[in-house]
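Presented below is the structure to which this report refers.
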Number of protein chains: 2
Amino acid sequence: MTQPVKPLLNQLTAELKAAGFASGQIIMADESRACYGYDATRQSADPMLVLLPESGQQVETAIKLAAKRKLKIFPRGAASGMSGGSIPSSDGIIISLTRMNRILEIDQENMIATVEPGVVTGELQEEVSRYGLFYPPDPASLSFSTLGGNVAENAGGPRAVKYGVTADYVMGLEAVLINGETIKCGNKCVKSVSGYDLTSLLVGSEGTLAVITKILLKLVPAPESVKTSLLAFPSMSAAALAITAMFKNQISPSTIEFLDHHSINAVRETLPFSLPAAADTVLLVEIDGSSTSVMAQSQKLKKLFENKALLLIEARDEGERAQLWTARRRLSPAIANLAPHKINEDIAVPRAAIPAVIARLEQLSARIALPIVCFGHAGDGNIHVNVMLDKNDPEQAQRGVKAVDEIFAITLELGGTLSGEHGIGNTKSAYLDKEWSAATIAAMRAIKQAFDPENRLNPGKIFPTPGSQPCH
Amino acid sequence: MTQPVKPLLNQLTAELKAAGFASGQIIMADESRACYGYDATRQSADPMLVLLPESGQQVETAIKLAAKRKLKIFPRGAASGMSGGSIPSSDGIIISLTRMNRILEIDQENMIATVEPGVVTGELQEEVSRYGLFYPPDPASLSFSTLGGNVAENAGGPRAVKYGVTADYVMGLEAVLINGETIKCGNKCVKSVSGYDLTSLLVGSEGTLAVITKILLKLVPAPESVKTSLLAFPSMSAAALAITAMFKNQISPSTIEFLDHHSINAVRETLPFSLPAAADTVLLVEIDGSSTSVMAQSQKLKKLFENKALLLIEARDEGERAQLWTARRRLSPAIANLAPHKINEDIAVPRAAIPAVIARLEQLSARIALPIVCFGHAGDGNIHVNVMLDKNDPEQAQRGVKAVDEIFAITLELGGTLSGEHGIGNTKSAYLDKEWSAATIAAMRAIKQAFDPENRLNPGKIFPTPGSQPCH
């Protein structure tokens, strides 16, 4: 820590304590602060101070005291984000929301949970399941990600094809603005059109507009049963046609994951079942709902594809279900064997554009002589694109960076978007103007300016800063 | 028209024509302009000029030419709004979007329609049904309301309980800002987290932030079948418990309309079936989906309530379905017989609060000695509250105004909202600060200021203006 900062910090700390912060809620030691500077992108930075508020009131206090000194504020959940959304700067204060982790209410009649932002996603899911209720969003990090972070990044997951993303479940918020005032938006009403929809604006705003301190989440009745099937097709376009056919035939899967042929080859030998040699694309399909509905839809699925698919396996019990999922679960470690490093992008395209995007990525892979492995959420068009390379080879690293430029160009050309579920953060901000026009970005910046005129709240995220470089 | 305005209008008109507007797209005559000054609230005002653009480009042109003279702009669809959202002022220009009424694309594979804002809601529904697709939002005005108006007001309808409201279907927009620039937001991707969610911000912003010129709407597979049932209960709380029981038992109705005992009495004699004398609350329940699922859910419904309900009628065909709906359809004309006038508010509360709000409104009715008739969307907590009175009696009129104050106070006390589906417009703006704190309204106003610094776009809506009076 640089010397001139110390007196400022000492004074700020004294004021925080006078306002009720306990010593354990203020982290100044170098080695402890370092634990709050990283995220899942493996970037890291060293904040000047870390605060662990335990109430919305304490968040207000912290922000007001920081405002007097015009200090930057970086809100943070579990830091499982994939786009650098929670990376601080050395002249900023981390507000970690992890101690605000209480489930405040499970309103069974209205099917709404009220939670603090630090509640872990999976813990809420477990808790509501005791009441026969279900919170569907299922980001891969759900066993440690916090709901506040999910809301800030508008987290998705495999179940989005049927159930939507986090935004579809946030009914209301309390959040502290950079001036230290708390706003309340939304409510427990299914319908509400009273003023601007601040709730939806804050969802996915990546901590740049307000610090979320309370969340109202819609719940749904827990599905009675789930049926998992694995289907193999000879091509990506055959798989895509199959997905369209499902929707047309009133089959509404909760999950349609896909593996491309690279992914299949990476896991083939490790699977507890055998895949036909001609399998180019595998779909993992889950159907959930009432028992009768699941049975009827599964029968339809079987009838539709038992002759068209190269393979159709239907899990008969939880054990078999787990077996089918091994293909998907073993992917990340398996493809890690293909090369020392990977560049992982979470593009999304309109669902029907998946075959086109995969074909274009194949061509790109051939041109740059680097494997590109694709898997992800076929039902909602969200593809995890992995460029496999050795970053220690400067020439390969350069081709990798060029690959990312082209991946985004292809995606946008096909009507897609830079990020399906990870957000822009600081890793994709340099590409923002490839997706949106100057007028659209100006409108977004005007909102940022209206909420945070001094650009002190999570600065450097979403909007490109002069000289900012994409980070892979 | 006042004399000083004429030269300005003549010059503006000349510029519009030079920029490509045809004479028929510019309305100046007094009697024709008057046709664009009213809405469903029966307010009316006389705009200085009415323009009928036929493209987004022409909307840009009109707004840019108006900007040079700092003229106010009032966007307008079919003006079927219930809160005065499209009422102009005499120093403003109407931009009527009714000629931009083309369905630009029905993308069957991605299940997305791209439309101009002037397309009539029901016409889109009819068109997509030819492809086996379904656009669920069903405001009562759907046979004449435009989709642009639906988006601006975030229109609801009976099907919201299962399918959500207009906001849940808007995937993207093109809109012209008050500076004449077009922004594009959203896309055809199910998942997209790239920058702020401008789409959701514009939905329900009542034409105060931008003029919508293009809309991307999500479609869903058309349900194979629909089953309609009518259930009668001895009390509102018995009916509310029944609704909770439906959700708990995996019954997911597309519609749950309710009639309170005043409503029942108003239509009882006109119905093609007889209602038990003890019937205090009637529910009209529709279940839709695949044939098997509808059958299974209907059987569950019957099993659950055939002993608990005072009456359970299940429609066996379209004719019987229409008969059950007569109770709901005849309501508006029937209650009109109860008094010369009615004050109609569309409050919404958390679903479980319906019995409490109805009980409190009963007490209020007794206290002010005016009948209060309630019906509406029980599944989503959106209640149409009708205070029946004779406005020509000044003393009654005064009690009516007081009743509205109390209706809103009760609603907000029970966690509800000023408007479920009609919006704030100019009729409820005086109540906005009863629902939202000063900090929340300041955040909304900051957004308005960021988008429209001169307050020229649909001014006087949502935010209370000094001296503004509620309008009933």
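When we screen B:Ala278, B:Ala239, B:Ala245 for residues that are touching a helix residue (DSSP H, G or I) at 6+ places or on another chain (Cβ under 7 Å), on the phi < 0 side of the Ramachandran plot and not assigned by TED's automatic domain parsing to the domain that holds B:Phe375, the only hit is B:Ala245. For first residues located in region B:184-204 and under 21 Å from A:Val349 (Cβ atoms), partners that are aromatic (Phe, Trp, Tyr) and outside any loop (DSSP other than H, G, I, E, B) and lie 6+ apart or on another chain with Cβ distances below 9 Å form the pairs B:Ser194/A:Tyr431. For region A:29-50, taking the residues that are out of contact with any Ser or Thr (no Cβ under 7 Å at 6 or more places or on another chain) and of a type in the set (A, V, I, L, M, F, W, C), the one that is least open to solvent (accessible area, probe 1.4 Å) is identified as A:Leu49. Restricting region A:82-108 to residues that are at pLDDT 95 or above and among the charged types (D, E, K, R), the residue that is farthest from A:Leu142 (Cα to Cα) is A:Asp107.
Listed by first and then second residue, the pairs with beta-carbon distance under 6 Å, at least 6 apart or on different chains, first residue in region A:300-320 and touching a residue at least 60 places away in the same chain (Cβ under 8 Å) and more than 18 Å from A:Ala238 (Cβ to Cβ), second crowded, with 16+ Cβ neighbours inside 10 Å and of a type in the set (A, V, I, L, M, F, W, C), are A:Ala315/A:Leu324. Count, please, the residues in region B:397-439 that happen to be open to solvent by 40 Å² or more (accessible area, probe 1.4 Å), facing chain A (nearest Cβ under 9 Å) and aliphatic (A, V, I, L, M). Going through region B:397-439 one residue at a time, the tally reaches 1. Counted as qualifying within region A:161-248 are the strands (runs of 3 or more DSSP E) with 1 or more residues that are more than 10 Å from chain B (Cβ to nearest Cβ), namely A:170-176, A:211-218, A:225-233.
Return yes when B:Ala113 is open to solvent by less than 20 Å² (accessible area, probe 1.4 Å), within 27 Å of A:Pro350 (Cβ to Cβ) and of a type in the set (Gly, Ala, Ser) and no when it is not. Yes; evaluated as a whole, the condition is true for this residue.
Can you pull out every residue in region A:117-138 that is open to solvent by less than 10 Å² (accessible area, probe 1.4 Å), over 30 Å from B:Ala242 (Cβ atoms) and part of a loop (DSSP other than H, G, I, E, B)? Residues satisfying the conditions are A:Pro117, A:Gly118, A:Val119.
Within region A:446-455, being surrounded by fewer than 17 Cβ atoms within 10 Å (Cβ to Cβ) and either more than 7 Å from chain B (Cβ to nearest Cβ) or within 22 Å of the chain's Cα centre (by Cα) (or both) holds for A:Pro453, A:Glu454, A:Asn455. Screening the candidates A:Gln323, A:Gln297 for the property of being within 14 Å of another protein chain (Cβ to nearest Cβ), touching a strand residue (DSSP E or B) at 6+ places or on another chain (Cβ under 9 Å) and either in contact (Cβ under 8 Å) with a residue 12 or more places away in the chain or small (Gly, Ala, Ser) (or both) yields one hit, A:Gln297.
For region B:326-337, taking the residues that are under 23 Å from B:Leu418 (Cα atoms) and either open to solvent by less than 10 Å² (accessible area, probe 1.4 Å) or more than 21 Å from the chain's Cα centre (by Cα) (or both), the one that is farthest from the other protein chains (Cβ to nearest Cβ) is identified as B:Ile335. Hey, any hits in region B:279-287 for a residue that's within 13 Å of chain A (Cβ to nearest Cβ) and either farther than 19 Å from B:Val161 by Cα or open to solvent by less than 10 Å² (accessible area, probe 1.4 Å) (or both)? Yes, that holds for at least one residue.
Of the residues making up region B:357-381, those that are assigned to a helix (DSSP H, G or I), open to solvent by 40 Å² or more (accessible area, probe 1.4 Å) and aliphatic (A, V, I, L, M) are B:Ala359, B:Ala366.
Each row is one residue, and each column tells you yes or no for (1) within 30 Å of A:Ser194 (Cα to Cα); (2) of a type in the set (Phe, Trp, Tyr); (3) more than 21 Å from the chain's Cα centre (by Cα); (4) buried (at least 16 other Cβ atoms within 10 Å of the Cβ).
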{"position": "B:Lys300", "(1), (2), (3), (4)": "no, no, yes, yes"}
{"position": "B:Glu306", "(1), (2), (3), (4)": "no, no, yes, no"}
{"position": "B:Leu312", "(1), (2), (3), (4)": "no, no, yes, yes"}
{"position": "B:Ala339", "(1), (2), (3), (4)": "yes, no, yes, yes"}
{"position": "B:Ala353", "(1), (2), (3), (4)": "yes, no, yes, yes"}
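For B:Tyr169, the stated conditions do not hold, so it cannot be described as assigned by TED's automatic domain parsing to the domain that holds B:Val211 and either open to solvent by 20 Å² or more (accessible area, probe 1.4 Å) or among the acidic types (Asp, Glu) (or both).
Considering A:Glu406, A:Glu421, the condition of being touching a residue at least 40 places away in the same chain (Cβ under 8 Å) and closer than 20 Å to A:Ile243 by Cβ is satisfied by A:Glu421 alone. Count, please, the residues in region A:192-230 that happen to be in contact with a Lys or Arg (Cβ under 8 Å, 6 or more places away or on another chain) and at positive phi. Qualifying residue count, region A:192-230: 2. Counting only residues that are part of a helix (DSSP H, G or I) and not small (Gly, Ala, Ser), region B:309-347 holds 12 of them. The set of residues in region B:139-160 that are of a type outside the set (A, V, I, L, M, F, W, C), assigned to a loop (DSSP other than H, G, I, E, B) and either touching a helix residue (DSSP H, G or I) at 6+ places or on another chain (Cβ under 7 Å) or open to solvent by 20 Å² or more (accessible area, probe 1.4 Å) (or both) comprises B:Pro139, B:Ser141, B:Ser143, B:Ser145, B:Asn154, B:Pro158, B:Arg159.
The values are calculated or read from the model by the stated rules, or taken from the named source; none is laboratory data. In this text, all values refer to a predicted model and were calculated from it rather than measured experimentally. No Cβ is skipped: glycine too gets one built from the backbone with ideal geometry, and neighbour counts run over all protein chains shown. Calculation scope for accessible area: heavy atoms of the full protein, side chains included, ligands and nucleic acids excluded. Shrake-Rupley method; radii C 1.70, N 1.55, O 1.52, S 1.80 Å.
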